[in-house]
1. With the checklist (1) within 25 Å of Phe15 (Cβ to Cβ); (2) in contact with a strand residue (DSSP E or B) (Cβ under 9 Å, 6 or more places away or on another chain) in hand, flag the one item Lys194 doesn't pass.
2. Name the pairs: first residue in the stretch 68-85 and within 13 Å of His114 (Cα to Cα) and within 14 Å of the ligand (Cβ to nearest atom), second residue acidic (Asp, Glu) and in a helix (DSSP H, G or I), Cβ to Cβ under 8 Å, at least 6 apart or on different chains?
3. Sort through Asp87, Asp95, Asp68 and tell me the only one that's over 17 Å from the mean Cα position of the chain (by Cα) and farther than 19 Å from Asn24 by Cα.
4. For the stretch 22-55, enumerate the residues that are part of a strand (DSSP E or B) and either free of Cβ contacts under 8 Å to residues at least 40 places away in the same chain or basic (Lys, Arg) (or both).
5. Residue by residue through the stretch 213-247, note down the ones that are in contact with a strand residue (DSSP E or B) (Cβ under 6 Å, 6 or more places away or on another chain) and assigned to a loop (DSSP other than H, G, I, E, B).
6. May I ask you to verify whether Pro53 is within 23 Å of Ile176 (Cα to Cα) and within 14 Å of the ligand (Cβ to nearest atom)?
7. For the stretch 105-159, name all the residues that are touching a residue at least 60 places away in the same chain (Cβ under 8 Å), under 28 Å from Ser247 (Cα atoms) and either assigned to a strand (DSSP E or B) or hydrophobic (A, V, I, L, M, F, W, C) (or both).
8. For the stretch 86-103, how many residues are in a loop (DSSP other than H, G, I, E, B) and either in contact (Cβ under 8 Å) with a residue 60 or more places away in the chain or within 13 Å of the ligand (Cβ to nearest atom) (or both)?
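The values are calculated or read from the model by the stated rules, or taken from the named source; none is laboratory data. From a predicted model like this one, the values you see are computed outputs, not experimental measurements. Note that we place each Cβ from the backbone using ideal geometry, even for glycine, and neighbour counts take in every protein chain shown.
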Amino acid sequence: MYGIYQDNNHIPDSFDIYFNYLKNVNGEIRSPIEYSHNIISCFADNKTAQENPELIAVSAQGKATRFDSKEKFYCDWICPSKKAYKDSIIKLVADTVSNKNVAGIHLDSIGFPHKDYCVCNDCISNWKASGLKFSEWKQQIITEFVNDVAQNCKAKELSVSLYPDPIHPERFGLDIEALEKIVDFFVVPLYDMKYLSIYWIEILLNAFAQRISKPLYIMLYAEDVEIKNLVKAAELVKHYTKNIVFSYNVENAKRAISELKHNII
Ligand SMILES: [Zn+2]
């Protein structure tokens, strides 16, 4: 199955599955996109962070933003303990799936921003009340959030993006085993700007394949890349899963799919 992942509401022909941002990292919210798995950027939200800085996740070093953190985040991160914010995401999901032609909901940026986050007053008091280790508590918070979304998404498929790290749940709070019981499938971005060297793709795929029994979709970056390198990467992916999603560039994705289908014959 070949898919396309885009930050617009277009549904070009020639793909088997569509992912379009309903809410992107800039905090912009579109109308529900029919026939697509509507992507919701959960805790990456620049607009909310700018308007409500008290909601931003923090570490001992500072706030999880593009400007304040040593990690140099690609966007600003909301703390996963903020109940009113999480309720707004759950309402967005419920409103979206009430459109009968929406294919599903895809949750992006579902975790904590990094290992040392979040130590805001809400997180510290919630963690201490839990009696769990900090890393276990982080995983519980994220699993509960995804489960709350699932309760409001029962009529449609639910999927999540995982970080391309199958072995360290303590970093972002993603408990793959627990999430498997909730979601219908996973999407893992394995991005490279050129795909000249691709041995690392197989290492990560092998590790994910051993941990995931639900369908696994691998996302490849199709913007400004040589098609022959993109095809080489996709052919390696196909040893592990038939589900490949190309991100952003429709024409490059179509060219790659055409070659992949031709190569089979
Ligand atoms: Zn927090």
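1. (2)
2. Cys79/Asp122
3. Asp68
4. Lys23
5. Matches in the stretch 213-247: Lys214, Pro215, Ala222, Thr241, Asn243.
6. Considered against the rule, which asks whether it is within 23 Å of Ile176 (Cα to Cα) and within 14 Å of the ligand (Cβ to nearest atom), Pro53 comes out as no.
7. Scanning the stretch 105-159 gives Ile105, His106, Leu107, Asp108, Ile110, Phe112, Ile142, Phe145, Val149, Cys153, Glu157, Ser159.
8. Within the stretch 86-103, residues that are in a loop (DSSP other than H, G, I, E, B) and either in contact (Cβ under 8 Å) with a residue 60 or more places away in the chain or within 13 Å of the ligand (Cβ to nearest atom) (or both) number 4.
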